[in-house]
Amino acid sequence: MSKAPRTRQPQSVAPPPRSNRVRPVADLLPDIGGAAFRRFGFVQSAVVSRWGEIVGERYARVSSPESIRFPHGKRADGTLTLTVAGAHGPMMQHIAPEIVERVNRFFGYAAVARIVIRAGELRRPRARATPRPAAPPLPAELGDSLRDIADPELKAVLEALASGLAEPKSIPVLGKVR
C-alpha cells in the first residue's frame, strides 16, 4: 500500500500590525495622488494649474501642458508634451528653449530637456459662476451687530444671510400660495 502524497496547505499571511495612531491626511495623500499623477505623466500638478505664471498669459492662451515623461528611473531630462491650438505651433517651436528654461526655473532643476508640440484643442477650465447681484440694504437693527466683524469674507456672508432673512418675500409661508 502506498501512501497518497501530502498536499501542502497554504499558509495565511498576516496583515502588518496596526500602529494604533492617528495619521495626518497629508501623509496619505502623496501616495494616492502621486500614483494618479505618475500614471498620467505629471510629477507636479502645479505645472498645469500655474501654466499661465510659468510661460506668461500670452502663451498660456494658446498652449497647455499635457504630460512630462522622464527616462526610466530618472527625474530629470524629461520631455514636456504641449498641446497647442491652431497655427500657433511654429511660434511655440520657436520659443521652445525659453519655455524649457521657464519650466526648469519653476522646478528648480533641469527637469525638462525637450518639448514635443502637438496640435489640438485646448481644454479650458470651466467658466466661473457669475457673481450674484448686490444684496438689498440691511435693516438698521441687523446691520449694527455686523459692523464689528473684521474679516471681510465672514462679514459679507453674514450680511447676505441677514438680508435674506430680512426679506419677507423669501420666507415661505405654509398653506398660502402667492
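Every read-out reported here was derived from the displayed coordinates using simple, explicitly stated rules and does not represent laboratory data. Nothing here was measured: the structure is a model prediction, and the numbers come from that model. Because the Cβ atoms are built from the backbone with ideal geometry, glycine has one as well, and the counts that use them run over all protein chains shown.
Along the Cα→Cβ direction, 7 angstrom out, place labels at Arg50 and Ala110. What is the inter-label distance in nm?
2.2 nm
Taking 7 Å along the Cα-to-C-beta vector as the label spot, tell me the Arg75-Ala96 distance in nanometres, rounded to one decimal.
Spacing of the two 7 Å Cα→Cβ label points: 2.6 nm.
Residue separation times 0.36 nm, minus the C-alpha to C-alpha distance between His88 and Ala160: what's the value? List each step's numbers first, then the result.
Details: separation 72, 0.36 × 72 = 25.92 nm, distance 4.57 nm.
Between His88 and Ala160, full extension yields an extra 21.4 nm.
Under 5 Å between amide hydrogens, which residues at least 5 positions from Ser67 or on another chain qualify, with H placed 1.01 Å from N in the peptide plane?
Long-range HN contacts for Ser67: Thr81.
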